[in-house]
Ligand SMILES: Nc1ncnc2c1ncn2[C@@H]1O[C@H](COP(=O)(O)OP(=O)(O)O)[C@@H](O)[C@H]1O
Ligand SMILES: [Mg+2]
């Protein structure tokens, strides 16, 4: 579904990630691991068209989406839950979902919001409540719900578990499993290595903008020295 070749991305003269290649099929989860500043968020944001791409190609279902705008990438099936969630605290839950759906057609938005309320009944119950008054876990649900409005084929999630209680993290991971079962691909960035290994099919490790380890989650689980080094940074 997604094929990325020799991607480099950055900010002006700063190269945040270089020469990165990877692919993802429907229903697969790929997790990027690595220390702060490794280039994980820059990679995800570049895929979405939100950070400058310096070189390489991005293809979705064989179609080259390199250099297209964020709206076109959403149409091709991508959506992102950004690091830090970025919800609007003074707007209601429902308004936050509408804001998230602004680049899709009215029909897709209506269907999308129904879909989100089915996935997250708790958001439906709190649709008129200010988003800022939700618990941390509910805010993460809202951030994920907002990304799901366009009913993406590939959901990109940056720092899924950051700042959440273990029980809430369980709920978030249960949703990822459901997406996987529905044949949706997930690109995940996660500081919690064990959680990432529990859901991922593929692992890519970044260090200072370079890919330093690449393999299946099974191989990563069996690689004690890799796990030790990843524990040290999370
Ligand atoms: N807006 C920005 N402007 C300039 N440099 C940035 C910006 N955002 C991130 N960087 C730099 O890009 C590199 C990778 O950062 P980032 O992708 O956020 O890493 P990670 O998500 O792995 O912590 C870092 O050196 C960081 O300082
Ligand atoms: Mg980051």
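Key figures for this structure:
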{"item": "Unique match (being in contact (Cβ under 8 Å) with a residue 12 or more places away in the chain and within 15 Å of the chain's Cα centre (by Cα)) among 40, 3", "result": "40"}
{"item": "Output for segment 77-91, where each listed residue is on the phi > 0 side of the Ramachandran plot and within 14 Å of ligand 1 (Cβ to nearest atom)", "result": "84"}
{"item": "Selection count, segment 194-214, where residues are over 25 Å from residue 122 (Cβ atoms) and either over 19 Å from the mean Cα position of the chain (by Cα) or within 14 Å of ligand 1 (Cβ to nearest atom) (or both)", "result": "10"}
{"item": "Contacts under 7 angstrom Cβ, first residue in segment 157-168 being without any contact (Cβ under 8 Å) to a residue 60 or more places away in the chain, partner part of a loop (DSSP other than H, G, I, E, B) and within 13 Å of ligand 2 (Cβ to nearest atom), 6 or more apart", "result": "161/190"}
{"item": "Pick from segment 72-87, criterion within 16 Å of ligand 2 (Cβ to nearest atom) and without any contact (Cβ under 8 Å) to a residue 60 or more places away in the chain, ranking: surrounded by the fewest Cβ atoms within 10 Å (Cβ to Cβ)", "result": "86"}
{"item": "Lone qualifier among 174, 130 - being touching a residue at least 40 places away in the same chain (Cβ under 8 Å) and either away from ligand 1 (no atom under 16 Å from the Cβ) or out of contact with any strand residue (DSSP E or B) (no Cβ under 9 Å at 6 or more places or on another chain) (or both)", "result": "130"}
{"item": "Those residues of segment 205-220 which are in a helix (DSSP H, G or I) and crowded, with 17+ Cβ neighbours inside 10 Å, in sequence order", "result": "217, 220"}
{"item": "Sole residue being outside the structural domain of residue 5 (by TED's automatic domain parsing), surrounded by fewer than 14 Cβ atoms within 10 Å (Cβ to Cβ) and within 16 Å of residue 152 (Cα to Cα), chosen from 114, 90, 61", "result": "114"}
{"item": "Pairs with Cβ under 9 Å, 6+ apart, first in segment 12-23 and in the same structural domain as residue 212 (by TED's automatic domain parsing), second more than 11 Å from ligand 1 (Cβ to nearest atom) and part of a loop (DSSP other than H, G, I, E, B)", "result": "23/1"}
{"item": "Residue in segment 147-168 that is buried (at least 19 other Cβ atoms within 10 Å of the Cβ) and over 18 Å from the mean Cα position of the chain (by Cα) present", "result": "no"}
{"item": "So residue 183, is it touching a residue at least 24 places away in the same chain (Cβ under 8 Å), in contact with a strand residue (DSSP E or B) (Cβ under 9 Å, 6 or more places away or on another chain) and surrounded by fewer than 18 Cβ atoms within 10 Å (Cβ to Cβ)", "result": "no"}
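The values are calculated or read from the model by the stated rules, or taken from the named source; none is laboratory data. Please read these numbers as outputs of a predicted model, since none were measured by experiment. We place every Cβ from the backbone using ideal geometry, glycine too, and count neighbours over all the protein chains shown.
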